[in-house]
1. Please work out which residue is farthest from ligand 1 (Cβ to nearest atom), limiting yourself to region 82-97 and to residues that are surrounded by fewer than 17 Cβ atoms within 10 Å (Cβ to Cβ) and either within 17 Å of LYS161 (Cβ to Cβ) or not assigned by TED's automatic domain parsing to the domain that holds ASP323 (or both).
2. Examine region 104-112 for a residue that is in contact (Cβ under 8 Å) with a residue 40 or more places away in the chain, buried (at least 19 other Cβ atoms within 10 Å of the Cβ), over 18 Å from the mean Cα position of the chain (by Cα) and in the same structural domain as LEU306 (by TED's automatic domain parsing), and state whether such a residue exists.
3. For GLN326, are the conditions met, namely being out of contact with any strand residue (DSSP E or B) (no Cβ under 6 Å at 6 or more places or on another chain), assigned to a helix (DSSP H, G or I) and more than 30 Å from GLY90 (Cα to Cα)?
4. Yes or no: region 119-127 includes at least one residue that is within 16 Å of ligand 1 (Cβ to nearest atom) and touching a strand residue (DSSP E or B) at 6+ places or on another chain (Cβ under 7 Å).
5. When only residues in region 58-71 that are over 15 Å from PRO20 (Cα atoms) and buried (at least 17 other Cβ atoms within 10 Å of the Cβ) count, which is nearest to ligand 2 (Cβ to nearest atom)?
6. Out of ASP100, ASP74, which single residue is among the charged types (D, E, K, R), surrounded by 24 or more Cβ atoms within 10 Å (Cβ to Cβ), within 16 Å of ligand 2 (Cβ to nearest atom) and on the phi < 0 side of the Ramachandran plot?
7. Test LEU119 against the stated conditions and say whether it is crowded, with 24+ Cβ neighbours inside 10 Å, assigned to a helix (DSSP H, G or I) and in contact (Cβ under 8 Å) with a residue 40 or more places away in the chain.
8. Looking for whichever is of a type in the set (Val, Ile, Thr), surrounded by fewer than 17 Cβ atoms within 10 Å (Cβ to Cβ) and under 25 Å from the mean Cα position of the chain (by Cα) here; the options are THR5, THR13. Which one fits?
Amino acid sequence: MKVATFIEPGKMTVTEVPMPELQKDTDAIIKIVRACVCGSDLWWFRGISQREKGSFAGHEAIGIVQEVGAAVTDVKLGDFVIVPFTHGCGHCAACRAGFDGNCTNREAGGNAGYQGQYLRYTNANWALVKIPGQPSDYSDEKLNSLLTLADVMATGYHAAKTAEVKAGDTVVVMGDGAVGLCGVIGAKLLGAGRIIAMSRHADRQALAEEFGATDIVAERGDEGVARVLDLTKGNGADAVLECVGTEQSVDTAIKICRPGAIIGRVGVPHNSEIDTNALFWKNIGLRGGIASVTTYDKEVLLDAVLNDDIHPGRVFTKRFQLDDIQSAYEAMDKREAVKSLIIINED
Ligand SMILES: [Zn+2]
Ligand SMILES: [Zn+2]
């Protein structure tokens, strides 16, 4: 079978490897239907963070359950499932508290290789999310929306949840990548009255508005701060969704909060230092981290997609076959695609 493999920064390939096999009774083998490239993959693709050469790539997919270990009873052979990157067990203290992204029973090394034809999925019993029916029952657009529930939509929603967005709130979303755009959807789901999207790119601004943004701020840094304060009559935002992860972005987030606001942070931090004293002087809360993918999917997001309440699949602006994996990464690296879809097994 084929799987996307990291060669060196800027270079991906597809390698032929043996079919994965069950190793534990908590494993499942998944036949991948669709997968995608994540904004977080760009960190190592660009050589900014380290990744082992020759390692398999990808951590977001939808697929069909091909085989299950003896302890996997929540899903069965032939089930169509969301394949989250989080692998929550469903019963540890973290999972029970709704933080399955921090599951304490998670196995090391299980979170890769989704950009391939088949995957050995660890801790499979509770983490996989069953989708009614089969892929052929859904439109192309709906399949894409279901795929976002493996990471990006749940991560955007996590930003809004941890920022404690409430009905009528004025929310600022920082970052116009696929996560930020899904943050707009998340804020809207939680009832935000006004959603200010910070974005400099026309195509992403349009998507943000389609998803529920009421205002667009193209400026960054101090100019961006001034613009948001102007739009909010000097008050600042009730909640800020930080979906970038840079030092400047967190700094801007703090400056645009009204006193007592909360920043929900899902941009993966890279060498960013935070001035926690600035939080103190305005009673600002800073939360966020790895999304609770399975929890949100089962509680809210799967139904929202199935009922056509949200259409996060629109973040996939380019599609590729697995053999074109290099182009799929390059399209995101060069910002030609908001998010790259990879079609794998569709028969
Ligand atoms: Zn991801
Ligand atoms: Zn757990």
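The values are calculated or read from the model by the stated rules, or taken from the named source; none is laboratory data. Model, not experiment: these values are computed from the prediction. Reconstructed Cβ throughout: ideal geometry from the backbone, glycine too, with neighbour counts over all protein chains shown.
1. Residue satisfying both the conditions and the ranking: ARG96.
2. no
3. The answer is no for GLN326.
4. For region 119-127, residues within 16 Å of ligand 1 (Cβ to nearest atom) and touching a strand residue (DSSP E or B) at 6+ places or on another chain (Cβ under 7 Å): present.
5. Ranking the candidates gives HIS59 first.
6. Being among the charged types (D, E, K, R), surrounded by 24 or more Cβ atoms within 10 Å (Cβ to Cβ), within 16 Å of ligand 2 (Cβ to nearest atom) and on the phi < 0 side of the Ramachandran plot holds for just one of ASP100, ASP74, which is ASP100.
7. It is false that LEU119 is crowded, with 24+ Cβ neighbours inside 10 Å, assigned to a helix (DSSP H, G or I) and in contact (Cβ under 8 Å) with a residue 40 or more places away in the chain.
8. Working: THR5 fails: surrounded by fewer than 17 Cβ atoms within 10 Å (Cβ to Cβ).
Sole residue among the options that is of a type in the set (Val, Ile, Thr), surrounded by fewer than 17 Cβ atoms within 10 Å (Cβ to Cβ) and under 25 Å from the mean Cα position of the chain (by Cα): THR13.
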